[in-house]
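Shown next, in structure tokens, is the structure this report addresses.
The values are calculated or read from the model by the stated rules, or taken from the named source; none is laboratory data. In this text the structure is predicted, and so the values were computed from the model without any measurement. Cβ coordinates were reconstructed from backbone atoms using ideal geometry, including for glycine residues, and neighbour counts include every protein chain displayed.
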Amino acid sequence: MPDIESLLKEKRIFKPNSDFARQANWNKKTVREYRALGAKNPQRFWAKMARENVSWFTPFKKVLDWKPPFAKWFIGGKLNVSYNCLDRHLEGENAWRRNKAAIIWEGEPGDTRTLTFGDLHREVCKFANVLKARGVKKGDRVALYMPMIPELAIAVLACTRIGAPHSVVFGGFSAEALRDRIDDAGAKLVVTADGGYRRGSPHALKPAVDEALEGTDIVGSVVVVERTGQATKMKAGRDFWWHDLMDEASAVCAPAKLDAEHPLFILYTSGTTGKPKGILHTTGGYLTHVTTTSKAIFDLKDEDTYWCTADIGWITGHSYVIYGPLACGATTLMYEGVPTYPAPDRLWDIIERHRVTIFYTAPTAIRTFIRLGDEHPKKHDMSSLRLLGTVGEPINPEAWMWYHRVIGGKRCPIVDTWWQTETGGILITPLPAAVDTVPGSATLPFPGIDAEVYTEEGDPTTPPAGGYLVIRKPWPGMLRGIWGDSARFKETYWSQYDNTYFAGDGAHRDKRGYFWIMGRIDDVMNISGHRIGTMEVESALVSHADVAEAAVVGRPDEITGTAIVAFVTPKSGVEAGGDLNAALRMHVTKQIGAIAKPAEIRFTDALPKTRSGKIMRRLLRDIAGGKEAMGDTSTLEDYSVLARLRESDE
């Protein structure tokens, strides 16, 4: 099989903003030194980061114990994550942060709350005592099934305070999906809410918990936050209102001194088939990774108001809504609702009112805003912004340029980050004061990260070339296993190449060594012997002035092996039809060549996406191939999209 080919040519280069670079936490000199240290001795680099960015009760004695594929980091060290996120900001020279905003929260109906570091510390200690009073001990698992409200962050940090690994389950999952995750983790207690708000209406959560717990006695207690005030059934002896328990709880709770490898959380990711995988992360390595990357990549400073739009139910919300920013002493913003309610400018309105300085969101959201029109962001003063970021999937160059121009006012650096639930934190990214950016490229690995692109046979490619994205050496934030299934852990991540983590993504490196993420290997198409990633064809389509979003898949073809099928969402007001179809096929041919010209284009008002915003190309492949959509669809956000696509296929 040939290597994955790159047909997309992007020549626009953006130098670091000189004003930004002058004040950056990591300037060019720092980055040059850290890259050299990370390449020569990654263990020494990460030990330096751990000592500088994390507070330890007991210093670690050994940096790494690596018995592939199992790693232990910072052996002998003892620490507590909630202490790092809270207590250390209330002590000594940092004591002034007691009255600094830790979390600024906005509900979808428009209600707001601000919790200072002092407030958050008090609430976390109280809920940690609630957990202990309900019988939760060090090592017991706690499931959290909640909307994006401050109590979710409080519950997460309270779990870390007593050493109870948490399992956050996204509040949109079904009762069945919740049951699977509770059972697999062996959760002793569930924290939920009566409901939350989405698209202007309250949606109930507690009934799904009741259904999930039918026929099981594994969970002893359910704690319920009153968010919407809707009628809620409470089971005597099992269910308790959050506010009642908190009223009785002490605000004093010493943080547990936990081993660096103590389990911190389990986060479930869905597979294409079968039961979800419980990704396990531990304490010291993970905290070192997310704190260091938050400080370096987002350039977090005390005066910043930082907003990552991810839900805490996903890894991005764990790492870069709660843990990384709070450990850095930053102000983190949380928003409960959808980005277009009650109007298409909700996000830009929030940025203007709260004077957000750093904004981190997903390419799928950016493409949605492009479709809605420039007039919405242009109504708002977003001059407070100084850094933009993207996460979740590759960003098309034209979407990058829109983000740069319309949202960033051509002045904000953009950090296009690549990482996964399994990696814990960002692995490949620009460093905003030190790296030239190219639209669509995640640029270079973070210092201390050994990323490479392999051929199918396991040989490093020589740039420019495409292939399989791998990580060759362990890193602190890496997953420590799949909960209760070490065999699946080895098979899923470590069987493709010896002692090497295979991410499941394809990537291309250009002549300057920059990484271009090309999507999941499963999505690579073999067209007449040429292996082409979906991302490049999608980028060519999105670069057309009339296209807001596109997803590309392959279907079997007798002549070429695979035929390209494109699902395209036109911009608002653009008429879909034969003229646009022909124009797009010609446009793709001009952009990247006839080999990538779609055999078929289907127009749709929306694409099937996960609740974290990723396009579910697996389902589109089934539709394009005339098959029933199979596999796990529990993460699908809007089932009606799938139904409409099926109807259009009939």
Next on the checklist: Residues that are charged (D, E, K, R), closer than 30 Å to ARG346 by Cα and surrounded by fewer than 20 Cβ atoms within 10 Å (Cβ to Cβ): does segment 204-219 have at least one?
Outcome noted: no
Next on the checklist: Within segment 458-476, does at least one residue satisfy the condition of being modelled with pLDDT of 95 or more, assigned to a loop (DSSP other than H, G, I, E, B) and of a type in the set (A, V, I, L, M, F, W, C)?
Outcome noted: yes
Checklist outcome for this item: If you go through THR429, THR361, THR417, the only one that is over 18 Å from LYS614 (Cα atoms), polar (S, T, N, Q), at pLDDT 95 or above and buried (at least 23 other Cβ atoms within 10 Å of the Cβ) is THR429
Next on the checklist: I need the full set of residues from segment 511-521 which are crowded, with 19+ Cβ neighbours inside 10 Å and either out of contact with any Gly (no Cβ under 7 Å at 6 or more places or on another chain) or at pLDDT 90 or above (or both), in order please.
Outcome noted: TYR514, PHE515, TRP516, ILE517
Checklist outcome for this item: Within segment 565-609, of all residues that are surrounded by fewer than 19 Cβ atoms within 10 Å (Cβ to Cβ) and under 27 Å from the mean Cα position of the chain (by Cα), the one nearest to ASP546 (Cα to Cα) is LYS571
Checklist entry - Can you name the residue in segment 254-310 that is part of a loop (DSSP other than H, G, I, E, B) and of a type in the set (Val, Ile, Thr) and is also surrounded by the fewest Cβ atoms within 10 Å (Cβ to Cβ) among such residues? => result THR273
Checklist outcome for this item: The helices (runs of 4 or more DSSP H) lying wholly within segment 12-78 that contain at least 3 residues that are surrounded by 15 or more Cβ atoms within 10 Å (Cβ to Cβ) are 28-40, 42-53
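Conditions tested, residue by residue: (1) over 24 Å from ASP19 (Cβ atoms); (2) among the acidic types (Asp, Glu); (3) surrounded by 21 or more Cβ atoms within 10 Å (Cβ to Cβ).
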position: PRO445; (1), (2), (3): yes, no, yes
position: ASP450; (1), (2), (3): yes, yes, no
position: ALA465; (1), (2), (3): yes, no, no
position: TYR468; (1), (2), (3): yes, no, yes
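Here is a yes/no grid of residues against (1) more than 18 Å from GLY195 (Cβ to Cβ); (2) surrounded by 15 or more Cβ atoms within 10 Å (Cβ to Cβ):
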| site | (1), (2) |
| --- | --- |
| VAL222 | no, yes |
| VAL225 | no, yes |
| LYS235 | no, no |
| ASP239 | no, yes |
| HIS243 | no, no |
| ALA249 | yes, yes |
| VAL252 | yes, no |
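Conditions tested, residue by residue: (1) aromatic (Phe, Trp, Tyr); (2) modelled with pLDDT under 95; (3) under 17 Å from GLY337 (Cα atoms).
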site	(1), (2), (3)
LEU178	no, yes, no
ILE182	no, no, no
ALA187	no, no, no
ALA193	no, no, yes
ALA204	no, no, yes
PRO207	no, no, no
THR216	no, yes, no
SER221	no, no, no
Next on the checklist: Looking for something more than 19 Å from ASP259 (Cβ to Cβ) and modelled with pLDDT of 95 or more - is there at least one such residue anywhere in segment 59-69?
Outcome noted: yes
Checklist entry - Any residue in segment 205-226 that is of a type outside the set (A, V, I, L, M, F, W, C), in a strand (DSSP E or B) and under 28 Å from LYS132 (Cβ atoms)? => result yes
Item to check | Conditions (1) buried (at least 23 other Cβ atoms within 10 Å of the Cβ); (2) more than 17 Å from LEU607 (Cβ to Cβ): number failed by PHE369 | outcome: (2)
Checklist outcome for this item: Counting only residues in segment 20-72 that are under 30 Å from THR357 (Cβ atoms) and among the β-branched types (Val, Ile, Thr), the one farthest from the chain's Cα centre (by Cα) is identified as THR30
Item to check | Selection status of GLY466, farther than 30 Å from ILE322 by Cβ and touching a His at 6+ places or on another chain (Cβ under 6 Å) | outcome: yes
Next on the checklist: Criterion first (out of contact with any Gly (no Cβ under 7 Å at 6 or more places or on another chain) and free of Cβ contacts under 8 Å to residues at least 60 places away in the same chain) does ASP183 satisfy it?
Outcome noted: yes
Next on the checklist: Just to verify a result, which residue in segment 84-94, among those that are assigned to a helix (DSSP H, G or I) and touching a helix residue (DSSP H, G or I) at 6+ places or on another chain (Cβ under 8 Å), is modelled with the lowest pLDDT?
Outcome noted: ASN94
Checklist outcome for this item: Reported set for segment 558-597 where residues are under 24 Å from VAL641 (Cβ atoms) and among the acidic types (Asp, Glu) is GLU575
